Number of protein chains: 2
Amino acid sequence: MSELARPFHSGDGVARPRVVIVGAGFGGLRAALALGHLPVDVTVVDRRNHHTFQPLLYQVALAVLSPADIAQPIRTILSRQTNTEVLMDEVTSIDVQERTVSLASSAQLSYDYLVIATGATHSYFGKNEWAPFAPGLKSIEDALEIRRRVLLAFELAERQMQEHGWHPPLNFVVIGGGPTGVELAGAISDIAKLYMRHDFRHIDPSKARVLLIDNGPRVLAAYPEDLSAKAERTLFHLGVEVHTKSHVSNVGPGWVEANDQRIEAAVILWAAGVQASPLGKMIGAPTDKRGCVIVDNNLNPPGLPEVFILGDLAHFEQDGHQVPGVAQPAMQMGDHIGKTIEADFALKRRPAFRYFDKGDMATIGRMAAVAKVEWPFKAHLSGFAAWVTWIAVHIFFLIGFRNRISVFSQWVWTYFTFTRGARLITGDQRLPGWQDQVEAGPSQQEDARTAGVR
Amino acid sequence: MSELARPFHSGDGVARPRVVIVGAGFGGLRAALALGHLPVDVTVVDRRNHHTFQPLLYQVALAVLSPADIAQPIRTILSRQTNTEVLMDEVTSIDVQERTVSLASSAQLSYDYLVIATGATHSYFGKNEWAPFAPGLKSIEDALEIRRRVLLAFELAERQMQEHGWHPPLNFVVIGGGPTGVELAGAISDIAKLYMRHDFRHIDPSKARVLLIDNGPRVLAAYPEDLSAKAERTLFHLGVEVHTKSHVSNVGPGWVEANDQRIEAAVILWAAGVQASPLGKMIGAPTDKRGCVIVDNNLNPPGLPEVFILGDLAHFEQDGHQVPGVAQPAMQMGDHIGKTIEADFALKRRPAFRYFDKGDMATIGRMAAVAKVEWPFKAHLSGFAAWVTWIAVHIFFLIGFRNRISVFSQWVWTYFTFTRGARLITGDQRLPGWQDQVEAGPSQQEDARTAGVR
């Protein structure tokens, strides 16, 4: 007998099981694709109409790529899969007894299997009031907001310099030294030092300061120490000031307080913490302190064999370590759902999930990256070799031929011409705190400019 | 003696004249480029950081192209032109006596020559309260808002149909039958009937109704009658319902009143009227009823030989007709500024501006267009031939090699795969009036659905 505790809901006489998948990130989408050939009816619910290739979001934020290069409508990806429908809607509650999911539109979906893959969002460690001053990077909207702020800072500085011969310090502070923080800091340094060289008349964009602040002793804490050290060295060469062991105690409009020192900042970005989507708590299962649902090796929370938790939302331990919240395990978990439900159909024992780690990588600006390769061979790569590997892997995993061609040709263009194709400021023309700094005047600013971080 | 009435402002002893150009659309940008080789100092002021290729904005709105495909940073376009600086700022007032321009940042620019090329915006004929219900198409932000509404309407209908087996009528109403209205209506019809065929499970997107409403007796009123007739025939074949002689008396959330009949609409778009930028009025010169500044054949308002008005903001008559507010005359006027200032330097008589009309064209959905060709031969083209001509002309006039390659490859991709690359919904997930229609229920809606427009 399979481990599926109860027979399928079949009140209407139809025995075809209904699978509801919430969230169409890497995990949810792969789960949907894995179910395409099975005799099930799949409903994918996502509050966005598009799947986002999150590893390249920072390139949308730093004006290399356009949103459409890394995002695709979920229903287009799944359009040929006739057993699958897509609803753009938001889950408001889940009843695991009745096996129903309620949606914001007031609709209710009943399920035989439920897959929750709603991932994680930024965590300000309880200081949500910092959010407007230090946006994080999780969605296309976030990326466009970061793009707006970074590009606008240079425009406002040029304007201020032209008028008064002085501008508030052009400091960019990135809080959090994980892969996203390192990628953002490197990319900001690149755009300031390389890609804007000929564009301004009054300011010198290459004089902008980029500060990367992390609480811990080293950047890329999840990577081996030698790669962290290489990343810090590369960042140093790019001109990024790395401040480890720096505790951020407060964030306001245009400033950060770290180790009791105040740093004026034109733009502050948040890459420090993530917390699980609130959907994990809705099913009443045990979670870890970040809100991730603790799952067994069938990816089920205790006592709910028809509910699967995938990707960043799952707390899955293997060999004594928690599997990290990145794309690879999410995709493998998604694939695994197909095998599990297939086993249920065959009345076989469900296979146990095991994460197969091929490695991990992060870019650091133009032409450099670090990579911990686990498969097909074990190696620590850095510099140009790691960067080329990074490009190959990311092009390969992008969904859609058009996106691959488009992203690759944008990269080639950017690499050879030193221009960025998507340097557009849209929306509002203000920066939090900028006007305060302008009004405070140059003398005070000069002090701030020379003050160190620690 | 030149027609320049007064000597250059040279209080600081520098004789190099200062040219301030306000607005970096087709006219302003071409004026800046025309001044690149002259011994003048040029300041280009625009409230956006990018030049937008407006003729392709509707393709951003209908998810074919990304914003970055048709927009480029103004300072990048002008970066190699060393006598030119770019300020992202907004003009708040102009003093033609003192020859100064005041900016929103509180800066002031003094000028020897002033070029005003700030174009036009939508006009709701005094009914600005209609704006939130019927957005127009002038900027990248507008295009993204239209994209959001059009794509969201299909998503909400699918959701509603899935839940209740019924949805409010999927009507798209475009008000205004000029080139923009015709292009929008054709493109919406295309996306509904061709590009979403396999994507939905509960609704049939091809059943969406597209209505094009115009006050006058025919669409494309500025074109010859035979081309208007061909355009209407093409629209008919695309399934667009063309309602000419329809007077719009009111617009609200989710409905339009035309010829005293109420049409329910999921999305309403405004392409009916334009009004000149308010900067025309700031210089105190005579304007026409749309606010365009009446200029002589040196492009000067009366009595201000150092002020030039270009593009859509200029009311320039030639052979008894007003030159139309499209890209071609704006570009030619921009070029003309270079010749005029060069003549002033040589103490020669300023050349008179004369618009050289090469023709005009509008696309009507996939594979059809109408074109009135004036040069190099005279012809009225329609259908496929006009469409190919349209493509060639638009690729040619796009600024930047990257953009040309990118747009052309997106078109080839879209043409052959019947997919649209930029089908992303970003931002808010509501449509004005949709929820009211859902609450009103199906019966009333059925009535509305069967009711004609006239």
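The values are calculated or read from the model by the stated rules, or taken from the named source; none is laboratory data. The structure displayed is predicted, hence computed values, not measured ones. Neighbour counts run over all protein chains shown; Cβ positions are idealised from the backbone, glycine included.
Only residues that are hydrophobic (A, V, I, L, M, F, W, C), in contact with a Phe, Trp or Tyr (Cβ under 9 Å, 6 or more places away or on another chain) and not in a strand (DSSP E or B) were counted in the stretch B:16-32, giving 2.
All of (1) under 18 Å from the mean Cα position of the chain (by Cα); (2) among the basic types (Lys, Arg); (3) closer than 29 Å to A:Pro17 by Cα hold for A:Lys281 with one exception: (1). Taking the numbered list (1) over 23 Å from the mean Cα position of the chain (by Cα); (2) facing another protein chain (nearest Cβ under 8 Å) in turn, B:Ala379 passes all entries but (2). Checking A:Ala157, A:Ala229 one by one, the residue that is assigned to a helix (DSSP H, G or I), within 14 Å of another protein chain (Cβ to nearest Cβ) and of a type in the set (Gly, Ala, Ser) is A:Ala157 and no other.
Scanning the stretch A:108-144 for residues that are acidic (Asp, Glu) and either free of Cβ contacts under 8 Å to residues at least 24 places away in the same chain or part of a strand (DSSP E or B) (or both) turns up A:Glu129, A:Glu141.
Evaluate the stretch B:310-326: report whether one residue or more is more than 17 Å from B:Ile21 (Cβ to Cβ) and in contact with a helix residue (DSSP H, G or I) (Cβ under 6 Å, 6 or more places away or on another chain). Yes, the conditions are met somewhere in the stretch B:310-326. Could you go through the stretch A:195-217 and let me know if any residue there is surrounded by fewer than 16 Cβ atoms within 10 Å (Cβ to Cβ), in contact with a Phe, Trp or Tyr (Cβ under 8 Å, 6 or more places away or on another chain) and either within 14 Å of another protein chain (Cβ to nearest Cβ) or of a type in the set (Asp, Glu) (or both). Among the residues of the stretch A:195-217, at least one is surrounded by fewer than 16 Cβ atoms within 10 Å (Cβ to Cβ), in contact with a Phe, Trp or Tyr (Cβ under 8 Å, 6 or more places away or on another chain) and either within 14 Å of another protein chain (Cβ to nearest Cβ) or of a type in the set (Asp, Glu) (or both), which makes the answer yes. Condition check for B:Gln108 on (1) within 14 Å of another protein chain (Cβ to nearest Cβ); (2) closer than 20 Å to B:Leu313 by Cβ; (3) not basic (Lys, Arg): one failure, at (2). Taking the stated definitions as given, is A:Leu137 at pLDDT 95 or above and more than 8 Å from chain B (Cβ to nearest Cβ)? Yes: the conditions hold for A:Leu137. Residues considered: B:Val173, B:Val150. Of these, the only one that is part of a strand (DSSP E or B) and not assigned by TED's automatic domain parsing to the domain that holds B:Ala327 is B:Val173. Exactly one residue among B:Asn300, B:Asn259, B:Asn250 is under 21 Å from B:Gly25 (Cα atoms) and over 21 Å from the mean Cα position of the chain (by Cα), and that residue is B:Asn300. Every test in (1) within 28 Å of the chain's Cα centre (by Cα); (2) not assigned by TED's automatic domain parsing to the domain that holds A:Gly421 is passed by A:Ala107 save one, and that test is (1).
Identify all residues within the stretch B:11-23 that are away from chain A (no Cβ under 13 Å) and buried (at least 20 other Cβ atoms within 10 Å of the Cβ); write none if there are none. Across the stretch B:11-23, the qualifying residues are B:Pro17, B:Val19, B:Ile21, B:Val22, B:Gly23.
This table checks each residue for (1) surrounded by 21 or more Cβ atoms within 10 Å (Cβ to Cβ); (2) more than 11 Å from chain B (Cβ to nearest Cβ); (3) at pLDDT 95 or above; (4) under 30 Å from A:Leu304 (Cα atoms).
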{"position": "A:Asp112", "(1), (2), (3), (4)": "yes, yes, yes, yes"}
{"position": "A:Thr118", "(1), (2), (3), (4)": "yes, yes, yes, yes"}
{"position": "A:Glu141", "(1), (2), (3), (4)": "no, no, yes, no"}
{"position": "A:Arg149", "(1), (2), (3), (4)": "yes, yes, yes, no"}
{"position": "A:Leu152", "(1), (2), (3), (4)": "yes, no, yes, no"}
{"position": "A:His164", "(1), (2), (3), (4)": "no, no, no, no"}
{"position": "A:Thr180", "(1), (2), (3), (4)": "yes, yes, yes, no"}
{"position": "A:Glu183", "(1), (2), (3), (4)": "yes, yes, yes, no"}
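For the stretch A:74-89, the set of residues classified as over 12 Å from A:Val20 (Cβ atoms), facing chain B (nearest Cβ under 8 Å) and within 26 Å of the chain's Cα centre (by Cα) consists of A:Arg75, A:Thr76, A:Ser79, A:Met88, listed by residue number. What number of residues within the stretch A:408-445 satisfy the criterion of being in contact (Cβ under 8 Å) with a residue 40 or more places away in the chain, part of a helix (DSSP H, G or I) and of a type in the set (Ser, Thr, Tyr)? Going through the stretch A:408-445 one residue at a time, the tally reaches 2. Within the stretch B:384-406, if we keep just the residues that are exposed (fewer than 15 other Cβ atoms within 10 Å of the Cβ) and not β-branched (Val, Ile, Thr), the residue that is farthest from the other protein chains (Cβ to nearest Cβ) turns out to be B:Ala385. Residues in the stretch A:110-146 that are in contact with a His (Cβ under 7 Å, 6 or more places away or on another chain) and in the same structural domain as A:Pro179 (by TED's automatic domain parsing): A:Gly136, A:Lys138.
Among the residues of the stretch B:147-159, none qualifies, meaning not one is closer than 22 Å to B:Asp214 by Cβ and acidic (Asp, Glu). Determine which single condition B:Ile294 fails, assuming it passes every other condition in (1) over 19 Å from B:Thr118 (Cβ atoms); (2) of a type outside the set (D, E, K, R); (3) free of Cβ contacts under 8 Å to residues at least 40 places away in the same chain. Status for B:Ile294: all satisfied but (1).
In the set (1) away from every other protein chain (no Cβ under 14 Å); (2) touching a Gly at 6+ places or on another chain (Cβ under 9 Å), the condition left unmet by A:Gln410 is number (1). For the stretch B:31-70, how many residues meet the condition of being closer than 19 Å to B:Ser277 by Cβ and either within 8 Å of chain A (Cβ to nearest Cβ) or acidic (Asp, Glu) (or both)? Residues that pass the stated criteria total 5.
Every residue, every condition in (1) without any contact (Cβ under 8 Å) to a residue 60 or more places away in the chain; (2) buried (at least 22 other Cβ atoms within 10 Å of the Cβ), yes or no:
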site	(1), (2)
A:Gly252	no, no
A:Ala265	no, yes
A:Leu310	no, yes
A:Gln322	yes, no
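Among the criteria (1) under 19 Å from the mean Cα position of the chain (by Cα); (2) more than 30 Å from B:Ser382 (Cα to Cα), the one B:Pro305 does not fulfil is (1).
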